[in-house]
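What follows draws every value from the coordinates through simple rules; no lab data is involved. What you are looking at is a predicted structure, and each value in this text was computed from that prediction instead of being measured. Reconstructed Cβ throughout: ideal geometry from the backbone, glycine too, with neighbour counts over all protein chains shown.
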Amino acid sequence: MKKHFSFIGTILFLLCTIGCYESKVPLSTNPSSKIDLKLINYWGSIPKDENDTKYKLAIFKFNENEYLISWRENQGETEITRGFITKIDNLKILNIQNIDTLDKKDRTYFFFKYMINDKGIFKVQILSDANLLLKDKKFNSPEEFKKFIKKNIKHKKLFGEVVEFKPIEKFDIEIE
């Protein structure tokens, strides 16, 4: 795991068994994406086991193409990331970037395939480097990366286990 935890890093920790793929380039440039208004909400993780850590997310519209995403584990420190969507075929993938540093080399991306079902449950799957397809793979441009994902989108181990969130009451966001 890289030195900076982000929203994606938290989900990775929640899953415990998979690695997250981290990239210096996104799947697309943020101006190409549009806001999915269904994402804008306060979310709480749905634990699979009573001992699972609980996470809270707050997803806000930042501008016409990007989200500001706040998350925290239990009553821990609040983390802030930015995100935007890339569509590949009929899948929506969140590109999430850690923004707690001004150093561009530390501002890498993580990726989640997501959907919101008819019951309003937000389901995410992290792009995983636990498979041989992405192991030690680096991309030089968003176009190259997107082409690779499109070619391999049906590979069953490209994305990790499903993690679910449900809408919750608004909560205070404290940033230290």
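Using Cα-only point scatterers and the Debye equation, what is log10 of I(q)/I(0) for the chain at each q in 0.10, 0.17 Å⁻¹, rounded to two decimals? So the normalised log intensities work out to -0.35, -1.10. Were the residues from Asp36 through Ile121 laid out at 0.36 nm apart, the gain over their Cα-Cα distance would be 29.2 nm.
Within the same chain, aspartates and glutamates fewer than 8 places from Lys113 are excluded, and of the rest, those with a Cα less than 20 Å from its Cα are Glu22, Asp36, Glu66, Asp89, Asp129, Glu143, Glu144, Glu161, Glu164.
Length, then width, then depth: along the principal axes, the Cα atoms of the range 83-169 run 39, 34, 22 Å.
What pairs in Lys56/Lys151; Lys150/Lys170; Lys38/Lys135; Lys34/Lys150 have C-alpha atoms more than 27 Å from each other? Lys56/Lys151; Lys150/Lys170; Lys38/Lys135, as the Cα separations exceed 27 Å there. Report, to the nearest 10°, how far helix 142-152 tilts away from the longest principal axis of the Cα atoms in the chain, using its own Cα long axis and a range of 0 to 90°. Value to nearest ten degrees: 90.
Take the range 108-151, drop everything but the C-alpha atoms, weight them equally and run the Debye formula without solvent; then report log10 I(q)/I(0) at 0.15 Å⁻¹ to two decimals. Debye curve over Cα of the range 108-151, log10 I(q)/I(0) at q = 0.15 Å⁻¹: -0.49. Placing pseudo-labels 7 Å out from each Cα toward the beta carbon at Glu144 and Glu174 gives an inter-label distance of 4.5 nm. Applying 1/(1 + (r/R0)^6) with r as the Cβ-Cβ distance of Leu102 and Asp49 and R0 = 35 angstrom yields a FRET efficiency of 0.35.
Filter Lys87/Lys166; Lys54/Lys137; Lys138/Lys166; Lys24/Lys156; Lys87/Lys157 down to the pairs with a C-alpha to C-alpha distance above 30 Å, please. Check vs 30 Å cut-off fails for Lys54/Lys137; Lys138/Lys166.
Backbone phi angles across the range 89-95, fed through the Karplus curve with coefficients 6.51, -1.76 and 1.60 (θ = phi - 60°), yield HN-Hα couplings of 6, 9, 9, 10, 10, 7, 9 Hz in residue order; Gly and Pro are listed as x. Computed 3J(HN,Hα) for the range 81-88, one whole-Hz value per residue from the Karplus formula 6.51 cos²θ - 1.76 cosθ + 1.60 where θ = phi - 60°, is 9, 10, x, 8, 9, 10, 9, 10, glycine and proline marked x.
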